[in-house]
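Student: My questions will all concern the structure given below.
The values are calculated or read from the model by the stated rules, or taken from the named source; none is laboratory data. What you are looking at is a predicted structure, and each value in this text was computed from that prediction instead of being measured. Heads up, the Cβs are rebuilt from the backbone with ideal geometry, glycines too, and the neighbour counts pull from every protein chain shown. Please note that ligands, DNA and RNA were not included when accessible areas were found on the heavy atoms of the full protein model with its side chains. Shrake-Rupley method; radii C 1.70, N 1.55, O 1.52, S 1.80 Å.
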Amino acid sequence: MHDWSDITNLPDDFDQRVRMFPLPELVVFPHAMQPLHIFEPRYCDMLRDALASDHLIAMATVKSGQSIDLKSAKPPVVGPAVEDTLCIGRIVSHTELEGDRHNILLVGMKRATMIDEIDNGRTFRTASVDVMDDYYPPANVALRNELKDDLLRAFASIIPQSANVQKNLHDLMAGQMTLGPITDIISYTMPFEVDEKIQLLAEPDVDKRAALLIRYLRSGKIQLHSVSIEEQQEQKSQSVGSMIRANRSDQFPPPFSMN
C-alpha cells in the first residue's frame with residue numbers, strides 16, 4: 001500500500017523536466033485517479049522510460065482545434081499545441097497486456113506550468129516546467145471553513161440523490177480533507193468545459209480556485225444523472241475516442257477513461 005504523502009511528493013532529485021502525454025479533452029487534477037490504456041508505440045516508449053526511473057508522467061491537454069496523429073510513431077518535431085498548464089502524475093499501478101498494451105493507474109500530484117519543450121531525441125515529448133504548490137492566503141484562515149461549506153453545498157445541490165452518492169458526500173463533509181484537494185477532486189469529476197477545467201487547474205490560490213468552482217457549480221449549466229454499476233461496466237468497454245471524453249459526460253459517477 002502506498003503512503004499518500006509519498007505518492008504526491010516529487011522526488012528530491014526532480015529536475016523540472018517531465019515526460020508529456022498530450023491528449024484532447026482530458027484535464028487531470030492533483031489528487032485525482034486517472035486510469036489509462038496505453039498502446040501507441042511512442043507512449044509505450046514513454047511508459048517504459050517512466051517505469052525505469054521516477055514513474056512520473058505529465059498529462060497535457062491538447063488545445064481546441066488541434067489533432068494528434070494516432071498512428072504515427074515518429075518523434076513529434078512539431079506536435080499539437082497543448083495548454084501551458086499540466087498535471088504531473090505518478091504511475092501507481094501497471095499491468096502489461098498482450099500486444100504491447102498497458103493498463104496504468106495514474107494519480108495526479110502537482111499542477112505545473114510549461115516553460116519550454118525539450119528535444120530529447122525520443123519518440124515522446126518532454127518539457128521543462130515550473131511546479132505550482134497550493135497556496136492558502138493567511139488572511140483568509142477564519143473564512144476558509146465557511147468557503148469549504150459553501151463549496152460542498154453547491155456540489156450537493158447538483159449531484160444525484162442516490163444513497164451511495166449522498167453517503168460519499170456526507171463522508172467528504174465530515175472528513176478532514178482540506179480545501180485544496182476537495183476543489184481538485186470536484187473539478188476533475190464534474191463535466192465542465194475543457195477551458196473551465198484548465199482555469200481551475202491553473203489557479204494555485206486555493207481560495208480563488210474554490211470561489212471559481214462554486215461559480216461554475218451554481219451556473220446552472222451542469223445537469224447530472226446517476227449511473228448504475230451495470231452502466232459503468234458497459235462504459236468501460238466503449239471505444240477509445242469516447243472514453244477520452246469521459247470526464248466531460250453528464251453521468252455521475254463518471255466512467256473510467258482509456259487512452
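Student: Quick one: how many residues across the stretch 122-133 are assigned to a strand (DSSP E or B) and either open to solvent by 50 Å² or more (accessible area, probe 1.4 Å) or at pLDDT below 90 (or both)?
Tutor: Within the stretch 122-133, the subset assigned to a strand (DSSP E or B) is 125-132.
Next, from what is left, pick out any that are either open to solvent by 50 Å² or more (accessible area, probe 1.4 Å) or at pLDDT below 90 (or both): 130.
Within the stretch 122-133, residues that are assigned to a strand (DSSP E or B) and either open to solvent by 50 Å² or more (accessible area, probe 1.4 Å) or at pLDDT below 90 (or both) number 1.
Student: Moving on. Taking residue 214, is it modelled with pLDDT of 95 or more and open to solvent by less than 80 Å² (accessible area, probe 1.4 Å)?
Tutor: Details: modelled with pLDDT of 95 or more: yes; open to solvent by less than 80 Å² (accessible area, probe 1.4 Å): yes.
In short, yes.
Student: Can I ask one more? Checking residue 21 against (1) at pLDDT below 95; (2) assigned to a strand (DSSP E or B), which single condition isn't satisfied?
Tutor: All conditions pass for residue 21, except number (1).
Student: Follow-up question, since we're still on this one. So if I check each of 184, 207, which one is open to solvent by less than 10 Å² (accessible area, probe 1.4 Å), acidic (Asp, Glu), modelled with pLDDT of 80 or more and outside any loop (DSSP other than H, G, I, E, B)?
Tutor: Within the list 184, 207, the selection yields 184.
Student: Please indicate, with yes or no, whether at least one residue in the stretch 134-157 is open to solvent by less than 70 Å² (accessible area, probe 1.4 Å), farther than 21 Å from residue 210 by Cα and among the small types (Gly, Ala, Ser).
Tutor: No, there is no match, as no residue in the stretch 134-157 is open to solvent by less than 70 Å² (accessible area, probe 1.4 Å), farther than 21 Å from residue 210 by Cα and among the small types (Gly, Ala, Ser).
Student: Here's another thing I want to ask about it. Quick one: is residue 57 under 17 Å from residue 10 (Cβ atoms) and either modelled with pLDDT of 95 or more or open to solvent by 60 Å² or more (accessible area, probe 1.4 Å) (or both)?
Tutor: Yes.
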